[in-house]
Amino acid sequence: MSDDPFDEIDVPDDPLADLDRATQQLTLRTERRRYDKPVVIIEGFEGETDLEALASELKSALGTGGTVTDGTIELQGDHKSRVKTLLEERGFQINSV
């Protein structure tokens, strides 16, 4: 057993990752695409955000399809309020348009 009182504290590998998320200002907007289908677009990502992993988590949580293109995440359907909640839970700041 170690004498260090901080051994049991769970410190993430990259403690600045949460700071990166909190300083980003993401924009959510809804567009109408072919056949008047709504698509939620999330843009404004900076730095080392793993967009593929985040998009996968959002698609699973929403039960919808989507893609990552040119630094934005596009999700099929009108899920703007739910996406905002999910991203805020992950530490992102959201500006809705």
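Residues in the range 31-58 that are under 11 Å from the mean Cα position of the chain (by Cα), of a type in the set (Ser, Thr, Tyr) and either more than 17 Å from Thr85 (Cα to Cα) or assigned to a strand (DSSP E or B) (or both): Thr49 only. Inside the range 19-37, residues that are among the basic types (Lys, Arg), at pLDDT 65 or above and surrounded by 10 or more Cβ atoms within 10 Å (Cβ to Cβ) make up a count of 4.
Got at least one residue in the range 86-93 being without any contact (Cβ under 8 Å) to a residue 40 or more places away in the chain and not acidic (Asp, Glu)? Looking for residues that are without any contact (Cβ under 8 Å) to a residue 40 or more places away in the chain and not acidic (Asp, Glu), one finds at least one in the range 86-93, hence yes.
Evaluate the range 31-45: report whether one residue or more is touching a residue at least 60 places away in the same chain (Cβ under 8 Å) and among the aromatic types (Phe, Trp, Tyr). Within the range 31-45, none of the residues are touching a residue at least 60 places away in the same chain (Cβ under 8 Å) and among the aromatic types (Phe, Trp, Tyr).
Against the criterion of being at pLDDT below 95 and either exposed (fewer than 14 other Cβ atoms within 10 Å of the Cβ) or not aromatic (Phe, Trp, Tyr) (or both), Gly44 qualifies. Among the residues of the range 76-97, which ones are touching a helix residue (DSSP H, G or I) at 6+ places or on another chain (Cβ under 8 Å), farther than 20 Å from Glu46 by Cβ and not in a loop (DSSP other than H, G, I, E, B)? If the condition is that a residue be touching a helix residue (DSSP H, G or I) at 6+ places or on another chain (Cβ under 8 Å), farther than 20 Å from Glu46 by Cβ and not in a loop (DSSP other than H, G, I, E, B), then Arg82 is the only one that fits.
The requirement of being in contact with a Gly (Cβ under 9 Å, 6 or more places away or on another chain) and part of a helix (DSSP H, G or I) is fulfilled somewhere in the range 59-74, by at least one residue. Exactly one residue out of Leu16, Leu62 is hydrophobic (A, V, I, L, M, F, W, C) and modelled with pLDDT of 90 or more: that is Leu62.
The values are calculated or read from the model by the stated rules, or taken from the named source; none is laboratory data. Because the structure is predicted, anything quoted here is derived from the model rather than measured. Don't worry about glycine lacking a Cβ; one is built from the backbone with ideal geometry, like all the others, and counts go over all protein chains shown.
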